[in-house]
Structures are given as C-alpha cells and as structure tokens.
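To start, the structure under review is shown below, and the notes come after it.
The values are calculated or read from the model by the stated rules, or taken from the named source; none is laboratory data. Just so you know, these numbers come straight off a predicted model, no measurement behind them. Here the Cβ positions follow ideal geometry from the backbone for every residue, glycine too, while neighbour counts run over all protein chains shown. Just so you know, the surface numbers come from the protein's heavy atoms only, side chains and all, with ligands and any DNA or RNA stripped out. Shrake-Rupley method; radii C 1.70, N 1.55, O 1.52, S 1.80 Å.
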Amino acid sequence: MRLAVYAFCVFALVLLLVGLRELLFGFGENRCSMTYMYEYPQYRRVQLPKRVARQYPSYGLYLYGEGAYAQETRGLKLTGAPVLFLPGNAGSYKQARSLGSVALNLDRRIHMNVFTIDFNEELVAFYGGSLRRQTQFLHESIKAILRLYKYRPDPPTGVVLVGHSMGGVVARALFTLARFNPRLVSLIITQASPHQAPVLSLDPYILEFYSTVRYHWATHAEDLRNVTVLSVGGGYLDFQVRSGLTALSCPIDDLNKMSAVATAVPRTWLSTDHISIVWCKELVLATVRAFFDLIELETGQFTESPEKRMSVLNYHFFRHPVLQPGGAQDAPVTFSAPPEAWKEVNTLRLFYSAPKEAQVMYFLFALSSRRKAYSHFHCRSNSMVMTSWLYGCTQMSGSMCVQAVDLSSHAELLPAYKAVTVKISEFLSVSHLIIDASNPSGTKFILECELQREESLTVSVQVPHVLSFGLTVSDISINSSGLLHTLQLQDFHQVYQAFRITIMSNCKTTKDRLPSVYRLRVPWFREDFFDTASIPSVSDIYSMLHTSRPDNASSALLQLHTAPNCQYNVSIRTSFPKVLGQILRFYGPVLPVYSAVVLLLMIRAQLSSIKRSGHPAGMQECLSKSLQLHKLELPILLLLLLLKQSWFQDVWSSLGLPAVDSLLNSVEDLSQDPKAFVQEWPRIVSPLLCVLCSAIAFWGSAVLRVFVFLLSFFLAPLHRPSVSRDCGTLRLHSQILLIIFLSVLGGVTCGALALMVSSLLHLYRVLRLQMTERSLSHALNLAPQKASQKSENGFRASDGHSEVKECNDSPLLTESVLQDVRDDLQLHFSLSILLILTMMLTVPSLIHWRHNLRYWVHLDPDPCWPHVVPLLISSVLLINCNTDTLLRSKLMLNLTLRLLLPLCVGMLAFCPLHIYRVTYFLSAALTLLVCSCYF
C-alpha cells in the first residue's frame, strides 16, 4: 500500500511539474525589443491640493521628462496633449518611462505630456480594499492635470488613460464615481488588464469592486458608447493574467470597445509577459503612433470624434491596411500613366519580380468573364511601402483605366508581406482590378496575385480528441496550386484543447519564393497567431485558445499563405503537456481550494483512524483513504441538476444561500456553452485537480516535515530536554489571555497578523513535540526502560491544564509514551499545515498592511476581521489537544467525522470563485475539532 501511494504521488507530481513547465516555460523566450531612454529620465512631482495630499499620503502624481524637456517643464507650464499612465499590481510609477520617452522623441512636431501615478506599489490584485481609494485618487489627479493647462487659450478637455494590469481596471472604475464627469476621459488603452474577473478572489472587496464596474458598464452602455476602450492581452507568455480575462464584456454592437492579443497586433506579432507589455518596443510604438494620429494638428489635443478614434485604433492594432486612417477612400482616382505602363493579365495567376530600375507598371485583371467561375481575388507583395496599390476600375478607355476607386483599405499587413483578399461579388460596378506594381525608387520586390475559388481552397479537418494523448494524428496533404489555403479545424473551439501542428513544405524550386506564413485565426476573438517559415521547411505550431467559442457558429481556422506549385503536409495531434498547461492556466487559481479540501480529507482520515485504533494514520494511509472523489463530485452534480429546476431555485433564493461556484462556471468562457456540462471536460478537470492537489499536499507536507525536523535541531539548545507529550501546552488562563491578546492585536492592526502569530504558536507546539520525540527516542535507545521504573526527577502525568511543560514534567519513560508523542506530533503536524494554508491565503492583506504601516496602523478595510476570530480561538485551544482527549469525546468525534465531508463538498461548491470563503469553512472545521477535544 505504501509503495502504491508513493507511486501515485510521484505520478501526480510529474503531471503537476509538466503542467507548470508548459505554463511557465513552454512558449520560449520573450522576443520583445527593449525600449531604451533617449536621455536620463526625470519624474517631477505635481503638487496636489492639501486636502488631497492629506487624504492620500501614500500616493503621488508625477510628470515624466528627460533632457531639455525636463528643464523646460520645471514650472509645469505645459502645452502638449495629456496622457496619464496607471501602474498595476505592485507596479511602479517609473514604468511610464518607455511610453514617455518614445512619445517625446518619436515625432517632435507633435507634443504629448506623459503623467504617471504612484500607487505606492500596492498589491491590488490580491487585496481589493484599496482599489476604491486608487480610483478616487485617479479622479483627483485628472482634475489636477487639467488645472495645469488652465492658462492656455484652448486647454484640453480630457485626459487619455493608459493602464497596465489592475491600472486598466481602475481606469474603467473611474466612471462609477458619482461626481465624475465622463467627458474628462474619452480614450482608455489597457495592457494585460483582467477585465473579466480578478485572477484571485482573496477578499470580498475585490469581487465587490469588479461587480460594481461590471454593473455600471452594463447598465450605462448607451451613455458610455462615446468612450473608446482598447484592451490588449499579452498572450501565452503572460501566465499571470491570461489573455481571456482581458476581453471586454460589452455589447457586440458597441464598436468603440475593442480587445486584442499582442500576437495579433500588426507589426508586433509576438507574445509578451506581464511586465514586458509595458516596455515592449513593438507595442509601445503602436500605442504612440496611434496617439500621434489621434492628435488634431489645429488644436494639438486628442480628437473628440469617436469615429476617428475607432478608425485609428483599428489601423494600428487590428488590420493595418495600407491606406492611412482618415484617408479618402470614396474619392475617384485618375491615372496619368502612358499606355505602355498598362498590362492586362489573361492568366489566373500573376508572378512579377520588379527590376532594380525605376519604372511605372499597372496590371489589369478583367472581372466580367470571371465573376461566375471565381469568388475571390488574392494578391500579396513583399514591398512594405505604405501606399495605395489596389484599385477597382470603373471607367476604361482602351487598354487603360481612366477612373477607379481605391480598394487598398481591404489590405492587411502580415509578418512577411502585405496581402489583400477581396470578394468579387461585392464590386459589381468594377470591371477590372488594378495592381500598382510601380517602383519609382528602384526597390526590388515580388508581387504574386491570383483568382480563387473559395470552396476549392477551404478544407475541413477533424482534430483529434483531447484524450488521444497524441496517439491519434489527423493528416492532410495540400498540393498547392494557389497562394492561400484555409483549413477549418472542426471541433477546435474549447480552451482545454491543445494541438501540435506540424507543417512540412516541399518545393521543386525555391528561387524567388516568398516565405510561407501560417496563421491560426480565431473568428470570435482577436487572438491570431502567426508563424513564418522558409521553403522548404518543417514547422511545429502549438495551437491553443485564449477563449472558448461563445456559440456554435464556427471553429478555429488555420490559414496557409503558401507558395504555388509546392506540396504541404499538415499533421495535427494532441499535445498532452500543453493540455496540462492549459488546465493550470485556467484553473490554477482554484488550486488553494482543492488543496484545502485534500488536507481536510486527510485530517478526517486521521480522526477516523484515532477513533478506530487510538492512533492517527500516517500521510500515506490518509492519502489513500481520503481521495474518494465520488463522495465529492456526486453531491455537487446533484446540486447543479437540482438548481436547474425552477422550484428548487426559488427555495434556494428564499433561504438566502449564495450561488454555486461550480467548476464549469469558474471559467467564464465555458459558462455560455450549456452543452459543455454534459461533455467530458468538467467531469475530468475536477478529479484531475484533486490528483494534482494531493501531490501538493503530500510533497508539501514532506518538505515542511523536513524543515521542522531541521529547525528543531537549531532550537534544541534553547530548551531543556523533554520526554513529555505535554511540552508546549498552555494552562487555561494562559489560553484565555492569549486569545484576548490576539483578538486585540487583530482588531487594532491587521487580522492576518494575528492569524500569523497563532499559526506560528501552533507550529512551535509541533517543534516542541518533534524535539520531545527525538529526546525520548534517544533516551530509550540508550537505556531500555522497564515498565515500573521512574526517572530520577520524579516524572508525573499531566492534567492538560498546566503552564508550558518543562522537561522534568514527564510520565513514565516507556515505549507507550513515545508512541503517544508520535501520535500527537502526527495530529498537530496536519493541523499546522492547515493553519499555514489559511495564513497563506491572508498574506496579501498582511503585506499591504506592512507596506503602509508608516501611514496608518490599522488596516481599513480588513478582509480578515472579525471573521478570523473563530479561527484564532480554535488555533489557540487546539494547542492542548491530543489523541487521548479526542478518544474521550465519542459523540463530538462522530459528529465531526460526519460533518467534515459536507464541509469539503461546500468548499468545492462555493469557493472556486470566492477563494476567501475557504477560511470560513476551515474555521468551521477547526471549531468542530476544538469541540471534539474539550467536550
């Protein structure tokens, strides 16, 4: 049995490590270019009104500057367009230097003033008590910034906000303030901001904050339509905030709310981690270029037109067509080229390599005879000159086009070339398509165009099942006769799917071939992924999703921009390591809940062993007996089925019971798919999380046991040798005084601090038992004890209510005493692990309190107070608990054994979305244990 448990724990640990490796290191290195400062950066503090400074002593507002500009703005006489950067969780106001430096030096004809807020590097992603304060200070900062421009004849009417991480959430929360004027902010750009939900819900304040923001933007959607919001996610390198959380929850018809992943942003096409998204040069350039295009040259301020904001952001962050934003598209175009510059293409495909000599060249594709046979026209060129190059001729004169319309806005930029695909049926008034292949500067480039039949270039491929473990392969061969092929990946639409797609290209000749571009396209979210490959080559693409499909409309697509007359072999197989990585990416935040459940089940197994044999079972036996998954899953499954009945919902609501945090609903992407519940995904993930958390509990306790064993050696010289099981216990009046002290400490300072002290006191009891166990073992090895012999110091039995027992208060030195000490050590070690887990869940509020200790002593609001009081009382009273007192309490021990399992089910039902509730359930469990020890 022991060998089987070890094998199981090793297997679970391997699964966990493989998943962690894929989550943290499975996507290569960060390929972002570093943004360097042009000159030494300086941050000039902006004086705020005394009322604001007194109310927010830990916050500050700064103006970024460098070099001569920093000297010019010493008096804060500003003339530029104001931009305000908001740092995120534990973020520094100095992170604005990348945005500020590029904004100051990229185009000196247009001037921007970049401000930044110091939020004192608060952990607002884990402690939500200061989110409201940050929002209010942001409002005061915006008013202070606008006051700096009051002397100007045309002062700015608003400020553009750039928010990183939780700073983006605070920016949207600004509109929930009662006295905030929405006209002060018309554009918000957020970077890796979790708009959908908090990453970890460790206190009720952060959930309340999110609920307020979500409700306001949903109920005031019409009033906020003129506010433009762009959210950019980092991609798979950002394991702190997965990109699915960065999507904006807004009406579909509200085009001013846009979301994208960095891998899909033109001229970026790469993933960023959570910090590098701030300084990634590719993204910073896209942001600053968009700002330059949004500034009106007449006023020097940001445009107030929502249509222009949307056009500019679409240009820089989505399609990046050749035609500049705001360019005239409807005006007719006339040509003055000589007749010899025009050449009509009579074939279906065009390949043209421009010479080094400058020349004017136009290619004509007649459409009148090809409308029925062909549906699309596709063209690409590796010339990155951003000028119009595709036209639709509306008036011909012989072999020349006299008048045309510009169709270049349909183009988009790909990593290796610019490409355009137009639907022929949408241009009935166009007789010819014109490709401008002129190279006035003598630059050499390649142009490839063709007429396409959509049905012949789109192939459906069934992806392997997620549980095929890579053994099943979907193969397809494409004999490329065209430039663009689309593989429709059937049933690839869920976040738990992960595939390795291998593309092998083979061409007879590679001369003058443009590279192949492979694009994973997701129709329901802008999370496209690009890969560029030479010819011939073998490319491996790992394909996952950031969001699940919201409906049954489509599946993911794999677009292959191929070379003509080449063969492409595509094989698709499930990548099980990537599946584990996806599980941890989406369900990693609920691991503390499952860890608490596993630990509580192991303590339940120990109590059952005490009741049965008088001795607590070891970790291996407890683990083998505690993981009875059917006892956890079936009640939750039954509850979810009952909640689908209207009468049960009415009864549930009338009792004031909270909503069920089922595992399915813990990922918002799956909540819109009712069929997902009957599929294998929710049924598999929950047991798998139990398996992973069993490895965490088993090996974590093993590491802690080694730590306690080693620490006991260092503390042993500070204590007299002991052979009593009661060493480290407290008298009743000492326990009462300690409970009062801890309660006062938690009420005056921070509840998490009191909980940490109580957990350390209980750990001290474990250390004393560990030292007693070693002393007793050593004494018995040196002098085997006779049953009737007493020590020379006159050891006596303990009544359980004495002061901290010294080494001379010991019972008879026998093997039974050693066994009692080992039993108590086993019991208290498990309880100490449970208390340490509870303490870890409250550490963020403790860190926030310590970080702001110079400003205030009392943490307000305190998520732990007064809910932590029962936990403090239980942890102190359990110090004197031992196996004998538990055995004497038959009734309460039986009741505790019966109630611990429902508490575990309750944690799985009500804690995945509200992790802070774990402390409530553990407090109830420890209270039952206290009752079993004393009653």
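Quick check: is even one residue across the stretch 625-648 within 22 Å of residue 3 (Cα to Cα) and either among the basic types (Lys, Arg) or in a helix (DSSP H, G or I) (or both)?
Yes, the stretch 625-648 contains at least one residue that is within 22 Å of residue 3 (Cα to Cα) and either among the basic types (Lys, Arg) or in a helix (DSSP H, G or I) (or both).
Criterion first (hydrophobic (A, V, I, L, M, F, W, C) and closer than 17 Å to residue 337 by Cβ) does residue 413 satisfy it?
The answer is no for residue 413.
If only one of 860, 824, 820, 884 is at pLDDT below 95 and not in a helix (DSSP H, G or I), which one is it?
860
Looking only at the stretch 446-460, how many residues end up being buried (at least 19 other Cβ atoms within 10 Å of the Cβ) and assigned to a strand (DSSP E or B)?
Adding up the residues that qualify gives 6.
Taking the conditions exactly as written (modelled with pLDDT under 95 and open to solvent by 70 Å² or more (accessible area, probe 1.4 Å)), does residue 525 satisfy them or not?
It is false that residue 525 is modelled with pLDDT under 95 and open to solvent by 70 Å² or more (accessible area, probe 1.4 Å).
Starting from residues that are among the polar types (S, T, N, Q) and at pLDDT below 90, keep the ones in the stretch 53-90 and report whichever is least open to solvent (accessible area, probe 1.4 Å).
73
Condition first: small (Gly, Ala, Ser), more than 22 Å from residue 209 (Cα to Cα) and not in a strand (DSSP E or B). Can you find one or more residues in the stretch 117-135 that meet it?
There is no residue in the stretch 117-135 that is small (Gly, Ala, Ser), more than 22 Å from residue 209 (Cα to Cα) and not in a strand (DSSP E or B).
Any residue at all in the stretch 888-901 that is within 34 Å of the chain's Cα centre (by Cα) and of a type outside the set (Asp, Glu)?
Scanning the stretch 888-901, I find at least one residue that is within 34 Å of the chain's Cα centre (by Cα) and of a type outside the set (Asp, Glu), so the answer is yes.
List the residue pairs whose Cβ atoms are under 6 Å apart, where the first residue sits in the stretch 265-293 and is more than 16 Å from residue 105 (Cβ to Cβ) and open to solvent by 10 Å² or more (accessible area, probe 1.4 Å), the second is in a helix (DSSP H, G or I) and among the β-branched types (Val, Ile, Thr), and the two are 6 or more positions apart or on different chains.
Note: pairs meeting the criteria are 271/263; 293/312.
Go through the stretch 208-223 residue by residue and tally those that are open to solvent by 40 Å² or more (accessible area, probe 1.4 Å), assigned to a helix (DSSP H, G or I) and in contact (Cβ under 8 Å) with a residue 24 or more places away in the chain.
4
Could you look through the stretch 153-194, keep only residues that are closer than 17 Å to residue 138 by Cβ, without any contact (Cβ under 8 Å) to a residue 60 or more places away in the chain and assigned to a loop (DSSP other than H, G, I, E, B), and pick out the one that is least open to solvent (accessible area, probe 1.4 Å)?
Among those that are closer than 17 Å to residue 138 by Cβ, without any contact (Cβ under 8 Å) to a residue 60 or more places away in the chain and assigned to a loop (DSSP other than H, G, I, E, B), it is 185.
Give just the number: which of (1) open to solvent by less than 20 Å² (accessible area, probe 1.4 Å); (2) assigned to a strand (DSSP E or B); (3) among the β-branched types (Val, Ile, Thr); (4) under 24 Å from residue 267 (Cα atoms) does residue 532 not satisfy?
All conditions are met except number (1).
Give the residues of the stretch 411-439 that are touching a helix residue (DSSP H, G or I) at 6+ places or on another chain (Cβ under 9 Å), part of a loop (DSSP other than H, G, I, E, B) and of a type in the set (S, T, N, Q), sorted by residue number.
Once the filter is applied, which keeps residues that are touching a helix residue (DSSP H, G or I) at 6+ places or on another chain (Cβ under 9 Å), part of a loop (DSSP other than H, G, I, E, B) and of a type in the set (S, T, N, Q), the stretch 411-439 yields only 438.
Out of 493, 485, 465, which single residue is more than 28 Å from residue 252 (Cα to Cα), surrounded by 15 or more Cβ atoms within 10 Å (Cβ to Cβ) and either of a type outside the set (Phe, Trp, Tyr) or touching a His at 6+ places or on another chain (Cβ under 9 Å) (or both)?
None of the others qualify; the one that does is 485.
Checking the conditions here, which among 555, 537, 548, 543 is open to solvent by 10 Å² or more (accessible area, probe 1.4 Å) and not basic (Lys, Arg)?
None of the other options fit; the residue is 537.
Among the residues of the stretch 584-616, what is the count of those that are of a type outside the set (D, E, K, R), over 16 Å from residue 696 (Cα atoms) and assigned to a helix (DSSP H, G or I)?
Number satisfying all stated conditions: 8.
Take the residues in the stretch 1-52 that are among the small types (Gly, Ala, Ser) and touching a strand residue (DSSP E or B) at 6+ places or on another chain (Cβ under 9 Å); name whichever of them is least open to solvent (accessible area, probe 1.4 Å).
Checking each candidate, the answer is 26.
Where residues in the stretch 393-409 are surrounded by fewer than 20 Cβ atoms within 10 Å (Cβ to Cβ) and not aliphatic (A, V, I, L, M), which of them is nearest to residue 363 (Cα to Cα)?
399
Yes or no, residue by residue, for (1) part of a loop (DSSP other than H, G, I, E, B); (2) closer than 19 Å to residue 400 by Cα; (3) under 47 Å from the mean Cα position of the chain (by Cα); (4) at pLDDT below 85:
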| position | (1), (2), (3), (4) |
| --- | --- |
| 316 | no, no, yes, no |
| 326 | yes, no, yes, yes |
| 330 | yes, no, yes, yes |
| 336 | yes, yes, no, yes |
| 356 | yes, no, no, no |
